[in-house]
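Following: one structure in structure tokens, then a few remarks.
The values are calculated or read from the model by the stated rules, or taken from the named source; none is laboratory data. Just so you know, these numbers come straight off a predicted model, no measurement behind them. So basically every Cβ, Gly included, is an ideal-geometry build from the backbone, and we count neighbours across all protein chains shown.
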Amino acid sequence: LLDLYTIRREKGRLDGLHVGLVGDLKYGRTVHSLARALAHWSVTMTFVAPPSLAMPAEITAALREQGCTVHETTDLQAAAQDCDVLYVTRIQKERFADPDEYQALRGSYVVDRALVEAARPGITIMHPLPRVDEIARDVDPLPNAAYFRQAHNGVPVRMALLALVLDAVA
């Protein structure tokens, strides 16, 4: 809900957007739930990941069965030119039994100022935090960087949910 709220607040809508999900799409809980939630709107999704960390086939198939347009690529630069929102996740070191495999994939997709400046104008960059090195610090001062606003939005979203739950109980 927090991510949907942030996208709507940043973009003014959900319908008609093109959202890119980037990074560890195999194990990332946030991208699994966000993709399923976005399927309730007319949203195009592009999944950007190394083949070994691609979005699970059952999730992609379910989204397509719901009528979603889903693209899969390994090309972050191309995706950034098409997307209104990039939701970036870290490559999760703890998921790798072999440290060499992690090192080989770490840093596969880095969003930096140059990428943002070459991306679709007005692109919004989101991240569930904490980040490692997948978003360069030179992105932080850009108006496109929504991840700190995203984190800040967590308080009012949780307050609203609590109010709904407590009012329903009372």
Tell me the residue from 88, 48, 43 that is buried (at least 20 other Cβ atoms within 10 Å of the Cβ), in contact with a His (Cβ under 6 Å, 6 or more places away or on another chain) and of a type in the set (A, V, I, L, M), please. 88
Subset of the range 75-86 [part of a loop (DSSP other than H, G, I, E, B) and more than 14 Å from the chain's Cα centre (by Cα)]: 75
Considering the range 27-53 alone, what residues qualify as being part of a loop (DSSP other than H, G, I, E, B), free of Cβ contacts under 8 Å to residues at least 60 places away in the same chain and in contact with a helix residue (DSSP H, G or I) (Cβ under 8 Å, 6 or more places away or on another chain)? 39, 50
Residue check: is residue 142 surrounded by fewer than 15 Cβ atoms within 10 Å (Cβ to Cβ) and more than 19 Å from residue 114 (Cβ to Cβ)? no
Condition first: over 26 Å from residue 40 (Cα atoms) and either surrounded by fewer than 12 Cβ atoms within 10 Å (Cβ to Cβ) or in contact with a Pro (Cβ under 7 Å, 6 or more places away or on another chain) (or both). Can you find one or more residues in the range 58-68 that meet it? no
Note on residue 78: of the conditions (1) under 24 Å from residue 136 (Cβ atoms); (2) surrounded by 19 or more Cβ atoms within 10 Å (Cβ to Cβ); (3) among the aliphatic types (A, V, I, L, M), unmet is (2)
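Please tell me if residue 17 is of a type outside the set (S, T, N, Q), within 16 Å of residue 134 (Cβ to Cβ) and touching a residue at least 12 places away in the same chain (Cβ under 8 Å). Spell out the reasoning first.
On the way: of a type outside the set (S, T, N, Q): yes; within 16 Å of residue 134 (Cβ to Cβ): no; touching a residue at least 12 places away in the same chain (Cβ under 8 Å): yes.
Answer is no for this residue.
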Residue check, residue 90 under 18 Å from the mean Cα position of the chain (by Cα) and over 28 Å from residue 37 (Cα atoms): no
Return the residue satisfying two criteria in turn: it lies in the range 125-144 and is among the acidic types (Asp, Glu) and assigned to a loop (DSSP other than H, G, I, E, B), and of such residues it is farthest from residue 89 (Cα to Cα). 140
Looking at this structure, is residue 37 at pLDDT below 95, over 23 Å from residue 139 (Cα atoms) and not hydroxyl-bearing (Ser, Thr, Tyr)? no
Any residue at all in the range 108-128 that's over 17 Å from residue 81 (Cβ atoms) and exposed (fewer than 13 other Cβ atoms within 10 Å of the Cβ)? no
Options 72, 94, 58: the member that is touching a Phe, Trp or Tyr at 6+ places or on another chain (Cβ under 7 Å) and not in a loop (DSSP other than H, G, I, E, B): 72
